[in-house]
Amino acid sequence: VWKAGMRTVDKDVSDITKSFVNHVHTSLARQPYNLDGLGAYQAAALSVRDDLLINWNHTQNTYTRTAPKRAYYLSLEFLMGRTLDNALLNLGLKDKFKESVELLGFNFEDTLEKERDAALGNGGLGRLAACYLDSCASQELPVWGYGLRYEYGIFQQLISSEGDQLEAPDPWLANQNPWELPRIDVVYDVRFYGHAERLEDGTGRALWHGGQEVLAMAYDVMIPGYGTQSTNNLRLWESKPKRGFDLNSFNAGNYEGAVAASNSAQAITSVLYPNDHTSFGKELRLKQQYFWTAASLADILRRFKNLDKPMRYLPDYVAIQLNDTHPTLAIPELMRILIDEEDLRWDDAWGIVTNVFFYTNHTVLPEALEKWAVPLMEFVLPRHMQIIYDINLFFLQAVERKFPGDRDRLARMSLIEEGFPKQVRMAHLACIGSRKVNGVAELHSELVRTTILKDFVDFEGISKFGNVTNGITPRRWLDQCNPELSALITKTLKLDKAVWLKDLTKLEGLLPFAENKAFRAEWAAIKQRNKERLAHYVQVTLGLIIRTDAMFDVQIKRIHEYKRQTLNILGVIHRYYALKNMTPAQRSKINRRVVFFAGKAAPAYHIAKLTIRLIVNVARVINADPETKEFLQLYFLPDYSVSLAEVLIPASDISQHISTAGTEASGTSNMKFCLNGGLLLGTVDGANIEIAEEVGEDNVFFFGHLTPAVEDLRYKHLYHGIPIDQQCPALADVLKKISGGAFGDGGVYEPLLNTIRQSDYYLITDDFDSYIAALEMVDEAYLDKEEWIKKSIRTTAKMGKFSSDRAINEYAESYWNIEPCPVPAEP
Ligand code: 26Q
């Protein structure tokens, strides 16, 4: 049934209740009268899943029947969060379900919270993939995601009493997962190790045999679109032993060997690597990457072959988006299939490959660019290493023809970096193997073109290198996480919610209401209730009482030196001592602030872990100080997750996005805060710049040096280090407090403080004074309540650009060349 562009599943409350009770009996084997909260969640989820499955089937049948060009989003990470609420919203069943569940005696919100997050990602890149899937389905685009079904997602973060991060496993599948369908019939063999023998028959073909063979089995996750029947697929691969255990070894009495082989196969998809922004060359990670790309490509090609078209038409039916370099092995793998298995000639195969793939870069930090040691690659993937050498040979010959005799250029551009050991540069391979390359915000894309891939722009031409500024789905990041604000917007715009949630530029209609006092009061009251909701959450989960009559100041993201949580905590310490030096009368005029941090550190990233420790110990001191605690409180919320973000973001007055200029490719939480009427305190970096362009410079708080200055500043630190006491006395005082033991044993923090005292690569010293000045401007602005609310309304109103619908349409039109494939109402 279609109503005002919104498909609601044609069900009433009693149908839902029947289905729920039926699942309690037949799926859970329990009784409704003694069902606990988890059981209620499970029954609700199974019931919603039935509806999703119908749409999923219609959608997949439509794709098969009409055979449109499809796109595939290859990502090693999908940070999905919870599904039930989102599925209900997208199906248009939320209100009826709430009624049904409450009639049965359960609280709806509590029921939703029984679901564990699907946290198959580290941060921004993984959450971006999840937002993009939501938008593809909502835009009725024929797009599937491909990833890995990790048995353990990102680790659970615990904070010890000393403030140390401890990691615990995330057994997210322990309560069973109603949102996935095991496909026992969708399996592929994947080979590792062994030998590759080139055939001396002039075809360039080779045989790859021996080694280890494992099985990839598919699990399908339904991705419903908002207000449409379109329900796409996220296919996640699980690794399994080819045989339960090796019979030969078993018969030979080698039971342990047989079990070890089985374990080694299962190990491939057992855990998500919790590292971001590092390349560290572990064999198991390489196996994950190949396992996943090989299974995904085999699956994509099997589907293409059902169309009965010659291979050369592949680019007319298939576009494959590479989410960073993690799936780059798909490029040599497709070459291997086309040459060794499909008997194509090298040039024809390369022509197909370079029209199928698209590469998105997510970082320009040199330490984060993926490289794999040649000896490891040769060992694990001998045939692929041959192919990479061949690609490199032909490529460097072409460069030599265009720039004769330029040996430095050849060395810079080669797929192989010289050294001990030699390494394969995955970004170079992804770039030359793709139709187009893009960065994720204007500044970042410009940095890609002028720094890490400059030589490739010179060689291939600028038109291959574009930009698609990231986006976020307004369904989860406004309607779901901030239902009251969503309702106020719907009422104010006098539009069906389905209209503005799918055309986010409609939010501009809020602008005139910034001048309306009654509207501002409603807007502010919702922010206040969201703060209380957060305070309640913190009280229930951590037992802490937070005051809500203060500005909420939030920095939540992975802990990393380049993101500069250090700058924030040093600023908090500076503020604390400033408060202590005031008279009570002076203090009473100060803006009250509650500062929140949350985020995980990579388990082996010691400096990041020390940053957490410092935050926790500063919090301990500050929150206990009777002189200042009314004016400044500080909290580190453990175990940051999508679900925690959904509570924190709507409660924020100001959020911090303060990376050293030129280091944060885009950022996406900046967009989430601003969409929810939180203002932005940031550096001139990533998508902050485009947010400021949209909402206006007077509605954001910018500080710090600009990207072009960064290189010189770093050089100065290295070769003309000025002592911090001279360059920035305010910062020097703060560092002295820390090393002097104001927050526990000062010696502990020395390695962290030394990063600033020594080369200060991320320019804390250079930006500290302007950061403190920006914080003071924020305080001053906040004291003018009405003006602040106006800024908040204007910010939300101008965030339309940052819908992931806009971003995904850019990919569909300018990259993939795909079109919507609507599912007919009566299939
Ligand atoms: C690489 C090799 C080995 C192990 C792990 C990795 C790895 C894993 C994850 C490297 C990087 C990541 C994640 C990167 C990431 O999240 N990047 C962020 O992407 C966002 C979406 O485009 C941007 O908004 C952020 O600016 C960017 O930091």
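How far, in nm, would the chain grow between Ala174 and Val684 when pulled straight, counting 0.36 nm per residue and subtracting the alpha carbon separation? Could you put the intermediate results ahead of the total?
Values: separation 510, 0.36 × 510 = 183.60 nm, distance 4.34 nm.
Additional length available on full extension: 179.3 nm.
What's the FRET efficiency of Ser161 with Ser759 using the Cβ-Cβ distance as r and R₀ = 25 Å, to the nearest 0.05? Can you show the working numbers first?
Details: r = 33 Å, r/R0 = 1.32.
Efficiency for this residue pair is about 0.15.
Looking only at segment 619-636, which residues have a backbone nitrogen under 17 Å from a spot 7 Å from the Cα of Gln586 in the C-beta direction?
Answer for segment 619-636: 627-632.
What size of dipole, in debye to the nearest 20, comes out for the chain about its Cα centre when the only charges are +1 on Lys and Arg C-beta atoms and -1 on Asp and Glu C-beta atoms? Walk me through the numbers on the way to the answer.
Numbers: 91 positive and 106 negative charges, 149 e Å.
Computed charge dipole of the chain: roughly 720 debye.
Be a star and scan segment 168-193 for residues whose amide nitrogen sits under 13 Å from the point 7 Å along the Cα-to-Cβ vector of Glu213.
188-192
Would you kindly derive the ³J(HN,Hα) couplings of segment 812-824 from the backbone phi angles with the Karplus curve 6.51 cos²θ - 1.76 cosθ + 1.60 (θ = phi - 60°), listing them in order in whole Hz, with x for Gly and Pro?
Each residue's phi maps through the Karplus curve to give 4, 7, 9, 10, 6, 6, 10, 10, x, 10, x, 8, x Hz.
If you rank Phe456, Phe420, Phe702 by fewest surrounding Cβ atoms within 10 Å, what's the result? Can you show the working numbers first?
Numbers: Phe456 21, Phe420 6, Phe702 18.
Placing the least packed residue first, the sequence is Phe420, Phe702, Phe456.
So which helices of the chain fit the span-like rule, where a helix is a whole DSSP H run, its Cα atoms reach 30 Å or more along the axis, and its mean Kyte-Doolittle is at least -1.0?
Working: long enough: 37-66 (43 Å, -0.45); 283-305 (32 Å, -0.36); 382-402 (31 Å, -0.09); 517-542 (37 Å, -0.63).
In the chain, the long hydrophobic H runs are 37-66, 283-305, 382-402, 517-542.
Could you tell me the calculated FRET efficiency between Ser814 and Arg407, based on Cβ-Cβ distance and R0 = 45 angstrom, to the nearest 0.05?
Values: r = 36 Å, r/R0 = 0.80.
Plugging the Cβ-Cβ distance into 1/(1 + (r/R0)^6) gives 0.80.
Which entries of Lys563/Lys791; Lys98/Lys790; Lys114/Lys282 show an alpha-carbon separation above 28 angstrom in the structure shown? Walk me through the numbers on the way to the answer.
Details: Lys563/Lys791 25 Å; Lys98/Lys790 34 Å; Lys114/Lys282 35 Å.
The answer is Lys98/Lys790; Lys114/Lys282.
Any chance you could list P(r) for segment 246-377, counting all Cα-Cα pairs in 10 angstrom bins from zero, rounded to whole %?
Distribution as computed: 10, 32, 29, 21, 7, 0 percent.
Please list the non-local residues whose amide H lies under 5 Å from the amide H of Ala373, H modeled 1.01 Å from N, same-chain partners needing a gap of 5 or more.
The answer is Val424.
At 1.306 mPa s and 10 °C, plugging the Kirkwood radius over alpha-carbon pairs of segment 547-798 into Stokes-Einstein gives what diffusion coefficient in µm²/s?
86 µm²/s
Starting at 0 and stepping by 5 Å, how many percent of the alpha carbon pairs of segment 453-527 end up in each bin?
3, 13, 20, 17, 12, 6, 5, 6, 7, 7, 4, 1
In straight Cα distance, which aspartates and glutamates are under 19 Å from Lys491, not counting same-chain residues fewer than 8 positions off?
Excluding near neighbours in sequence, the set is Asp95, Asp479, Asp503, Glu508, Glu515, Glu522.
Subtract the Cα-Cα distance of Glu630 and Glu711 from 0.36 nm times their separation in residues, and report this length gain in nm to one decimal.
Working: separation 81, 0.36 × 81 = 29.16 nm, distance 4.14 nm.
The Glu630-Glu711 span can extend by a further 25.0 nm.
Across all directions of projection, what mean area in square nanometres is found for the Cα convex hull of the chain?
37.9 nm²
Apply 1/(1 + (r/R0)^6) to the Cβ-Cβ distance of Glu522 and Asp496, taking R0 = 22 Å, and write down the FRET efficiency to the nearest 0.05. Before the final figure, lay out each step's value.
Working: r = 20 Å, r/R0 = 0.91.
So, using R0 = 22 Å, E works out to roughly 0.65.
What's the local net charge at Leu495, with K and R +1, D and E -1, over the other residues with C-beta under 10 Å away? Intermediate values should be presented prior to the final figure.
Working: positive: Lys491, Lys494, Lys497, Lys506; negative: Asp496, Asp503.
That works out to +2.
Using the Cα atoms of segment 734-827 to build a convex hull, what is its mean projected area in square nanometres? Could the numbers behind the result be given before it?
Details: hull surface 55.6 nm².
Quarter of the Cα hull surface area: 13.9 nm².
Readers should treat all values here as calculations from the given coordinates under stated rules, not as data from a laboratory. Everything numeric here is computed off the predicted structure, so don't read it as measured data. Here Cβ is always computed from backbone atoms with ideal geometry, including for glycine, and neighbour counts include all displayed protein chains.
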